[in-house]
1. Quick check: is even one residue across region B:43-56 in contact with a Phe, Trp or Tyr (Cβ under 7 Å, 6 or more places away or on another chain), at pLDDT 90 or above and crowded, with 16+ Cβ neighbours inside 10 Å?
2. Go through region C:27-38 residue by residue and tally those that are of a type in the set (A, V, I, L, M), more than 9 Å from every other protein chain (Cβ to nearest Cβ) and surrounded by fewer than 22 Cβ atoms within 10 Å (Cβ to Cβ).
3. Taking the residues in region A:95-104 that are at pLDDT 85 or above and either more than 29 Å from C:ALA109 (Cβ to Cβ) or at the interface with chain B (Cβ under 8 Å from one of its Cβ atoms) (or both) as candidates, determine which candidate is surrounded by the most Cβ atoms within 10 Å (Cβ to Cβ).
4. If you take the residues in region A:53-71 that are among the hydroxyl-bearing types (Ser, Thr, Tyr) and within 15 Å of the chain's Cα centre (by Cα), which one is nearest to A:LYS36 (Cα to Cα)?
5. Run down A:GLU92, A:GLU107, A:GLU121, A:GLU53 and say which single residue is within 14 Å of another protein chain (Cβ to nearest Cβ) and surrounded by fewer than 14 Cβ atoms within 10 Å (Cβ to Cβ).
6. For region B:146-181, name all the residues that are among the hydrophobic types (A, V, I, L, M, F, W, C), more than 12 Å from every other protein chain (Cβ to nearest Cβ) and surrounded by fewer than 16 Cβ atoms within 10 Å (Cβ to Cβ).
7. I need the full set of residues from region B:57-87 which are over 29 Å from the mean Cα position of the chain (by Cα) and surrounded by 15 or more Cβ atoms within 10 Å (Cβ to Cβ), in order please.
8. Of the residues that sit in region B:125-145 and are closer than 20 Å to B:ASP61 by Cβ and buried (at least 18 other Cβ atoms within 10 Å of the Cβ), which one is nearest to the other protein chains (Cβ to nearest Cβ)?
Amino acid sequence: MDRIPILKLGDALLVTIQVDMHDRLATALEDDLTNKIVKHGAHGVLIDISALEIVDSFIGRTLDNIAAVSRVLDAETVVVGMRPAVAITLVELGLSLAGVKTALNVERGMALIQRRHHILEHGADADSAS
Amino acid sequence: MARSPLAALAQLISEQETTILNDWLQLLTAAGSLESGRIREAELRTQCSTFLKLFRVALTDGDTDTNSAVYSGVRDNLGEISRSRATQGFSPRETASFIFSLKEPVFSALNRSGKFGAAEVAQFIRQLTLALDDLGLYTMEVYQKSREQVIIRQQREISELSTPVVKLWDGILALPLIGTLDSERTQVVMENLLQTIVDQAAEIAIIDITGVPTVDTLTAQHLLKTVAAARLMGADCIVSGIRPQIAQTMVHLGVELNVISKATLADAFAVALKRMNKAVVTVKTATLSS
Amino acid sequence: MPTAPPETLPIRTSDDVVMVRQQVRARAVQAGLGLVDQTKVVTAASELARNTLDYGGGGAVTLTLIDDGAKRGVRLVFEDHGPGIPDLQLALKDGYTTGNGLGLGLSGAKRLSNEFFVESTVGVGTRVTIARWK
């Protein structure tokens, strides 16, 4: 069975979702991510959905789950690369993705993760991120 | 020998086709179909000729029920003509007269032929009238629907033109909304805004509603949708231009905009700059010594 | 009057759901829907297809191209012979789910469509019809 590859990117993990996910693939991804976060002490998880033409409630739930589990393991999840048509549809669909942070692209997502980690390590006053 | 009464009529039309066509064209021209220049005589002639042939074939099968399958070719042809009339801006009268002015030429042909008795002629006239009236109504229905589509498209274009997205600074966009925000317009606004966020890699979008007359529950919902969509693209929103009356209305209606809001676009811009860790400074210019 | 014959696709496996999305996308493009409209109808179809699979015990969807003169779009009919929905009002409420879902399937599909009908009889099955046009 295919598994979605997870790459290490600095202090974070990068997942690029390109295929139509089904249950087993989603569960496998959640398992793999959980293991890798712990193994690498990752500060964050970047999920690149720029290849997804649609995001339905199943994918939404998967993203929520990943974010929730990561949070427990002290890692921030950032979803990046959402297409405009997908964003408009999600809003209409009523999918809030409240527990998930979003960013325009991997670079921005990475900056978010690093900033959060920096604040956690050194306190809010020391945040001079640019 | 004709199979059925209507088939005889169809045959007559076939025999007299050229005359009927010419008479028909003459009537249409006299009514002004060619005046506006939207359609040329050759094209009109082709349209009439094609329709007449299709109509004649349908009649040959002996039916006046224009809703039957026999007439599907006729209806398709008329549908096309109506749609093109609608998009080219012809008036309803001009469009309807295409069909209705066919009656007179066929009645004349009937009277001229001398082949049929008075009772038969009366019957033909009655049946032809029924059929052409039906088709005329169908023409109008298609025309009407097409006009609606044209109007919807034009509204969309107006929406797009009246919702520009401007870049205030690197990464900071402003969306000055003018007019009411209905659901159709919200779609256009969202599409414009999100695409610009991508193109400009914007981080902050200031939605200015100074030009929005009222903010009721529905408008607020549309605003919130727009904000939510921008957020999914990684951009934060600030709403500005909330007039005092609007603020009061919103509170009374229990409308909550859970997004940062500022009174003016200038205030919002200041907040945005700060968020991006940018500042505006006064540059000391060198003084000229005399 | 539809210009192409309706197509019926089975929904029995996860792969079928993928196929449904692809075919709905193709039909939407054929009907001339813009990108956002396409995305909406494909997403709605994905929700309903999953519902059919997860709650309806499998079923099928029929795709029809709409072209009635001025209106062009697609119509989808999802049908299953599953347990049916006992309380439609409840099922149409956001957040209501009998499984692990987010409870957005029916209500979400409704919001994403221009037309939405649902008929369901307990013990017999469910039929959901949606349509999206330009």
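1. As a first pass, look at region B:43-56 and keep what is in contact with a Phe, Trp or Tyr (Cβ under 7 Å, 6 or more places away or on another chain): B:48.
Those still in the list that are at pLDDT 90 or above too: B:48.
From what's left, crowded, with 16+ Cβ neighbours inside 10 Å: B:48.
Scanning region B:43-56 turns up at least one residue that is in contact with a Phe, Trp or Tyr (Cβ under 7 Å, 6 or more places away or on another chain), at pLDDT 90 or above and crowded, with 16+ Cβ neighbours inside 10 Å.
2. So in region C:27-38, the residues of a type in the set (A, V, I, L, M) come out as C:28-29, C:31, C:33, C:35-36.
Cutting the leftovers down to more than 9 Å from every other protein chain (Cβ to nearest Cβ) gives us C:28-29, C:31, C:33.
Next, from what is left, pick out any that are surrounded by fewer than 22 Cβ atoms within 10 Å (Cβ to Cβ): C:29.
Looking only at that region, the number is 1.
3. Top of the filtered list is A:THR102.
4. In this case the residue turns out to be A:SER70.
5. Matching residue, one of A:GLU92, A:GLU107, A:GLU121, A:GLU53: A:GLU107.
6. Within region B:146-181, B:ILE158, B:LEU161, B:VAL166, B:TRP169, B:ILE178 meet the criteria.
7. Answer for region B:57-87, where residues must be over 29 Å from the mean Cα position of the chain (by Cα) and surrounded by 15 or more Cβ atoms within 10 Å (Cβ to Cβ): B:VAL57, B:ALA58, B:LEU59, B:THR60, B:ASP61, B:GLY62, B:ASP63, B:THR64, B:VAL70.
8. It comes out as B:TYR138.
The values are calculated or read from the model by the stated rules, or taken from the named source; none is laboratory data. The shown structure was predicted, so the numbers you read here are calculated from the model rather than taken from an experiment. Every residue, glycine as well, gets a Cβ built from its backbone with ideal geometry; the counts of neighbours run over all protein chains shown.
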